[in-house]
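S.K.: Okay, here's the structure, questions in a sec.
The values are calculated or read from the model by the stated rules, or taken from the named source; none is laboratory data. Since this is a predicted model, take the numbers as computed values, not measurements. Don't worry about glycine lacking a Cβ; one is built from the backbone with ideal geometry, like all the others, and counts go over all protein chains shown.
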Amino acid sequence: MSRRFARALLAFCAAVAAFPEEEDVVVLTADNFDSFIKQSPLALVEFYAPWCGHCKQLAPAWSKAAAKSKKLPVPVPLAKVDATVEEDLASKYEVSGYPTIKLFKNGVAEDYIGPRDADGILAYVAKISGFKLQQLNSTEDLTALAKKSTHPIVLGLFRMPVAASSFFQKFSKAAFEATGQPVVFAYSASYATPPLMPPTVDGKKPPVPGLVLLDPAAISSPVSTRGLYTMPRKKEDFTLDAIATWLNSNGVKVALEEKEEVDDHPKDYSEHGDDHDSSHYEDYD
């Protein structure tokens, strides 16, 4: 066992030791939810109903993935919330049906639209646990990144706070999907003008918010860019496909898959029996 893995495992065990578990899945309630999320930089949380057939179907895979995720180099806990009991939590996170899975990154929730089988869940958490979107705070940071990169750099420029920015959330997803492809994503953000870029770039002002495509070999003063991307007026037009199209048009061949959310949630909570009509559900397997 490596020292890095041992430290990560000990930190993970210490963080979740105070929380009850059932078959390796952390059990969350209103009393311990906030403290768990605060202690877990990354976590997957299932909101379920005891009577829900698809929740029962998911349970073995959820438990199996939870056990294996503890052994990752950077462990990621899997948890569950009985949404029929913890109604306030379900409402807070806009749970509209069962099961609903939320991915929490540093306390910020987003919809999980990954696999629902044990191996797929584990592969997903392994990927996110190893993923890091680097924030650059100075020209020295940019220079250091350029020196160790052999691929073009997509620099996102944003206003703070980025957690509230839908543009940044989409940018982060694009960076995640681009993992392993011939491009590097990083970002800079401040409450004023992002500090990394000069007042003009190739005679053009860098867009804020926006994206700048840079060649590592051209990180100098003045910086030479391969392309600028200004955010569209409509937020819904800023998609992974739009980012991929922009990159491809500038000679960076990538494929960014926009995973669609599956509408597998019933909207009627009035029937709570095991004979609940399952015709509104999609199979996960």
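S.K.: Among Ser129, Ser96, Ser172, Ser165, which is the only one that is surrounded by 18 or more Cβ atoms within 10 Å (Cβ to Cβ), under 26 Å from Ala65 (Cα atoms) and of a type outside the set (Asp, Glu)?
M.R.: Result of the check over Ser129, Ser96, Ser172, Ser165: Ser172.
S.K.: Regarding Glu110, is this residue free of Cβ contacts under 8 Å to residues at least 24 places away in the same chain and either charged (D, E, K, R) or farther than 25 Å from Phe168 by Cα (or both)?
M.R.: no
S.K.: Given the conditions (1) at pLDDT below 90; (2) under 20 Å from Asp82 (Cα atoms); (3) in contact with a helix residue (DSSP H, G or I) (Cβ under 7 Å, 6 or more places away or on another chain), and given that Ala15 satisfies all but one, which numbered condition is not satisfied?
M.R.: So the condition that Ala15 fails would be (2).
S.K.: Still on this model: Considering each of Pro77, Pro152 in turn, give the residue that is over 14 Å from the mean Cα position of the chain (by Cα), crowded, with 20+ Cβ neighbours inside 10 Å and in the same structural domain as Leu240 (by TED's automatic domain parsing).
M.R.: Only one candidate passes the filter, namely Pro152.
S.K.: Something else now. So which residues in segment 92-119 are of a type in the set (Gly, Ala, Ser) and modelled with pLDDT of 95 or more?
M.R.: Once the filter is applied, which keeps residues that are of a type in the set (Gly, Ala, Ser) and modelled with pLDDT of 95 or more, segment 92-119 yields only Ala118.
The rows are residues; the columns are (1) modelled with pLDDT under 90; (2) of a type in the set (Ser, Thr, Tyr); (3) under 24 Å from Tyr124 (Cβ atoms).
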site: Ala175; (1), (2), (3): no, no, yes
site: Gly180; (1), (2), (3): yes, no, yes
site: Ala192; (1), (2), (3): yes, no, no
site: Pro199; (1), (2), (3): yes, no, no
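Each row is one residue, and each column tells you yes or no for (1) under 27 Å from Ala163 (Cα atoms); (2) out of contact with any Asp or Glu (no Cβ under 8 Å at 6 or more places or on another chain); (3) buried (at least 21 other Cβ atoms within 10 Å of the Cβ).
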{"position": "Asn32", "(1), (2), (3)": "yes, yes, no"}
{"position": "Pro41", "(1), (2), (3)": "yes, yes, no"}
{"position": "Val45", "(1), (2), (3)": "yes, yes, yes"}
{"position": "Trp51", "(1), (2), (3)": "no, no, no"}
{"position": "Pro60", "(1), (2), (3)": "no, yes, no"}
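S.K.: Going residue by residue through segment 158-171, is there one that turns out to be of a type outside the set (Asp, Glu) and under 18 Å from Gly251 (Cα atoms)? First the steps, then the outcome.
M.R.: From segment 158-171, those of a type outside the set (Asp, Glu) are 158-171; that's our starting set.
Now narrow it down to the ones that are under 18 Å from Gly251 (Cα atoms): none.
Within segment 158-171, none of the residues are of a type outside the set (Asp, Glu) and under 18 Å from Gly251 (Cα atoms).
S.K.: Could you check, for segment 75-89, whether at least one of its residues is at pLDDT below 95 and charged (D, E, K, R)?
M.R.: No, segment 75-89 has no match at all.
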